[in-house]
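Visitor: Dropping the structure in here first, questions after.
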Amino acid sequence: MKDYNVHLTLIDRIILESYKIMLEGLADYLGGGYEMVLHSLEDTEHSVIKIINGHHTGRTEGMPITDLALQMLEEIEKDGEKSYISYFTKNKNGEPLKSSTIVVRGEEKRIIGLLCINFYLNTGFSEILSSYIPEISTHSLVKTETFAKNIDELIFSRVQEVRKTVLADEGILPSLKNKEIINALHQQGVFTMKDAVVKVADYLGISKNTVYMHIRNVGANGEKKSE
């Protein structure tokens, strides 16, 4: 089998570092049934530069690339069109896996690394499900995402959602409801959108000067500004 070691440029290293962050995000989203491994082809004898859920195989950073990973890389290179390959396999303990090997390209589209994802098919359903159901004990808010067709629809949707929440909160005095609505919209960055002040004022039935006043008060009180 050919020597796959490559010389990494500064740009190549930056690219590989960015994949480490992506790996953490994927692992957090998908859960403990997935082993995520990032290989650098700078030194195949110590190729593992990031691994998450390595308890499945006992691997740690600094360990060598596997023969199977190199075999998959060879198949990808032979194909010439694909940058990934997915397949079913078993580990040395006989556990079934669905795996995917994805090439990481650096400068001049050279292959500088591999992203390997291994899903353990014998992972318990309850463990899989736990990654997609919020814990009842958590105090963090469940965030919603609005898929609007245009800015007007997006602003209106945010106002509706915030207004519903504020109006349902009996701890907020009626005279302060609009102030709290505008404060919440400000925290969400709604007022960074074009003509948002005018549109929010219209939706709430108040003047744009009132909206501006509440926004200024948010800033004066040192509350978090939207980015």
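Visitor: Here are labelled values, [x] 1, 6, 11, 13, 11, 8, 7, 8, 9, 9, 8, 5, 3, 1, 0, 0; [y] 1, 7, 16, 21, 23, 17, 9, 3, 1, 0; [z] 1, 6, 12, 15, 16, 14, 13, 10, 7, 4, 1, 0, 0, and one is the computed P(r) over Cα pairs in 5 Å bins from 0, in percent for what I pasted. Which one?
Guide: Evaluating P(r) over Cα pairs in 5 Å bins from 0, in percent on these atoms matches [x].
Visitor: Looking at the stretch 1-97, which GluC sites (Glu not before Pro) are in a loop (DSSP not H, G, I, E or B) and have at most 11 other Cβ atoms within 10 Å?
Guide: Glu81
Visitor: Just Met36, Met63, Met193 to compare: in a GNM of the chain, with alpha carbon springs under 10 Å, which one fluctuates most?
Guide: Looking only at Met36, Met63, Met193, the largest GNM fluctuation is found for Met193.
Visitor: Right, another one. Too long at a 29 Å Cα-Cα cut-off: which of Lys50/Lys78; Lys20/Lys82; Lys2/Lys90?
Guide: Details: Lys50/Lys78 26 Å; Lys20/Lys82 22 Å; Lys2/Lys90 25 Å.
As for pairs spanning more than 29 Å Cα to Cα, there are none.
Visitor: Please report the orientation-averaged projected area of the stretch 10-130, defined via the convex hull of its C-alpha atoms, in nm².
Guide: 7.5 nm²
Visitor: Here is a follow-up. Take every Cα pair under 8 Å in the stretch 1-128 that's 6+ residues apart, average their separations, divide by the length, and report that relative contact order as a whole percent. Could the numbers behind the result be given before it?
Guide: Values: 214 pairs, mean separation 33.1, N = 128.
Rounded, it is 26 percent for the stretch 1-128.
Visitor: Now for a different question. Report the label-to-label distance for Tyr203 and His46 in nanometres (one decimal), using points 7 Å from each Cα along the Cα→Cβ vector.
Guide: 5.5 nm
Visitor: How high is the FRET efficiency from Ile11 to Ser175, r the C-beta distance, R0 45 Å, rounded to 0.05?
Guide: The computed FRET efficiency comes out at 0.20.
Visitor: Stretch Glu81-Gln188 to full length: gain in nm at 0.36 nm per residue minus the Cα-Cα span?
Guide: 34.3 nm
Visitor: If you line up the long axis of helix 151-168 against the longest principal axis of the chain, both from Cα atoms, how many degrees apart are they, to the nearest 10?
Guide: Approximately 70 degrees, to the nearest ten.
Visitor: Now a separate question. Using the alpha-carbon atoms, what tilt in degrees (0 to 90, nearest 10) does helix 177-187 show relative to the longest principal axis of the chain?
Guide: Helix 177-187 and the main axis of the chain meet at about 30 degrees.
Visitor: Follow-up question, since we're still on this one. On a 0 to 90 degree scale, rounded to 10, what angle separates helix 208-220 from the longest Cα axis of the chain?
Guide: Its long axis makes an angle of about 60 degrees.
FYI, it's all coordinate maths here, none of it is from the lab. Just so we're clear, the structure is a prediction, and the values are computed from it rather than from any experiment. Quick reminder, even Gly has a Cβ in these numbers, built from the backbone with ideal geometry, and neighbours come from all protein chains shown.
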